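Beneath this line is the structure, given in structure tokens, with notes to follow.
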DNA sequence: TACAAATCGTGACAAATGTCACAGGACATT
DNA sequence: AATGTCCTGTGACATTTGTCACGATTTGTA
């Protein structure tokens with residue numbers, strides 16, 4: 001577990017043993033079962049999560065109680081309701097396990113403590129954040145420029161494992177189409 | 001000009017005069033006329049831009065030569081093709097002035113030099129990047145959950161000035177609908 | 001095993017959106 | 001003033017997508 005987090009960080013920057021021990025002390029390791037909820041819309045969001053293993057969905061529920069999957073959070077990813085986490089407001093989304101999942105949690109206080117005490121980690125987080133922004137913009141582009149079928153094919157090419165672990169209904173919700181439309185893509 | 005950049009940064013962190021002088025030395029001030037192009041798809045992206053005044057569009061052109069506006073870049077914003085800028089690859093988008101525009105440019109080398117030499121600026125950039133990600137995710141949510149009419153109303157409420165300076169055709173391109181559909185919204 | 005819930009495909013129809021064509025008006029240039 | 005370009009609205013029609021309903025299958029669980 002620890003070595004996985006360390007390897008993840010060291011893909012971007014390098015750390016001494018002492019530095020990593022300190023980093024680790026600011027995180028808490030937690031385990032959740034499938035269908036467990038890490039936070040729900042309306043609650044305070046106490047943590048940002050690094051996913052050691054498992055799979056989660058970040059979901060926004062609209063006024064008609066339709067679920068929209070903003071993101072599938074996979075191994076080696078970071079996830080939270082970042083708006084609520086950073087701005088210390090109530091969550092507008094919920095985060096739920098689709099599989100048994102292990103995560104390293106960090107509080108906002110510890111997030112900034114981490115930046116203050118290990119400047120290299122701040123560099124790491126900056127690069128992660130930049131990449132996160134780029135990924136989100138790619139998703140915007142995909143929604144602007146392609147139809148449901150092309151988006152489905154993009155998603156499955158990039159994350160074939162989702163076919164095993166996520167229902168078609170939920171894939172449709174991520175792609176922004178109804179489950180019926182997704183079903184009719186296979187012709 | 002300088003005081004505007006300084007005020008922008010000092011909304012998030014505070015700087016001494018010496019620190020700001022150093023920061024400023026890593027930027028270059030440039031002016032562009034309406035319709036001028038800062039970079040085009042296929043080119044190397046030399047800079048990230050802080051917009052002092054003016055308005056630009058970040059555009060992706062698909063295989064059928066349709067323009068998709070990824071972002072309107074406004075005063076007090078940062079803009080670039082961040083994927084190409086950070087990964088030093090060819091641009092997939094172009095950045096074009098919709099009005100006469102003044103920007104502070106920074107190269108990638110100077111971006112990291114800035115982080116190295118003024119840690120507070122790295123904190124600033126991290127917070128900016130986090131906010132950029134949050135904004136992009138909001139846009140994804142808007143595309144997933146609302147129809148063209150609602151997206152139009154959201155956009156105009158948040159940026160009423162766009163109505164003055166941007167054609168309906170370009171608003172449609174940002175919203176992800178045809179200009180005809182946008183035209184028929186006003187009934 | 002047996003029951004309940006979730007999942008999936010599909011038909012029928014409605015609603016939203018795209019595409020094409022045309023015309024008038026605003027605006028800049030010559 | 002004449003010209004061309006861009007922008008805008010609109011009608012007609014095609015395509016895509018959503019919604020509702022139904023039944024079959026799979027899955028989870030008592």
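Taken together, the values in this text are just the output of simple stated rules run on the coordinates, not laboratory data. Remember, it's a predicted structure, so these values are computed and weren't measured experimentally. So basically every Cβ, Gly included, is an ideal-geometry build from the backbone, and we count neighbours across all protein chains shown.
Flag not set for residue A:182, criterion: within 13 Å of chain B (Cβ to nearest Cβ) and within 16 Å of DNA strand D (Cβ to nearest atom).
Determine, yes or no, whether residue B:85 is within 16 Å of DNA strand D (Cβ to nearest atom) and buried (at least 21 other Cβ atoms within 10 Å of the Cβ). So residue B:85 fails the test.
Scanning segment B:36-52 for residues that are more than 19 Å from residue B:100 (Cβ to Cβ) and buried (at least 19 other Cβ atoms within 10 Å of the Cβ) yields B:45, B:48. If you go through segment A:142-174 and keep only what is within 14 Å of chain B (Cβ to nearest Cβ), surrounded by fewer than 16 Cβ atoms within 10 Å (Cβ to Cβ) and outside any loop (DSSP other than H, G, I, E, B), you end up with A:150, A:154. Counting the residues of segment B:73-99 that are touching a residue at least 12 places away in the same chain (Cβ under 8 Å) and within 17 Å of residue B:128 (Cα to Cα) gives 12.
Hey, can you tell me all the residues within segment B:141-160 that are touching a residue at least 24 places away in the same chain (Cβ under 8 Å) and out of contact with any strand residue (DSSP E or B) (no Cβ under 8 Å at 6 or more places or on another chain)? Residues satisfying the conditions are B:143, B:148, B:149, B:151, B:152.
For residue A:117, the criteria (1) out of contact with any helix residue (DSSP H, G or I) (no Cβ under 8 Å at 6 or more places or on another chain); (2) in contact (Cβ under 8 Å) with a residue 12 or more places away in the chain; (3) surrounded by fewer than 16 Cβ atoms within 10 Å (Cβ to Cβ) hold in every case but one, which is (1).
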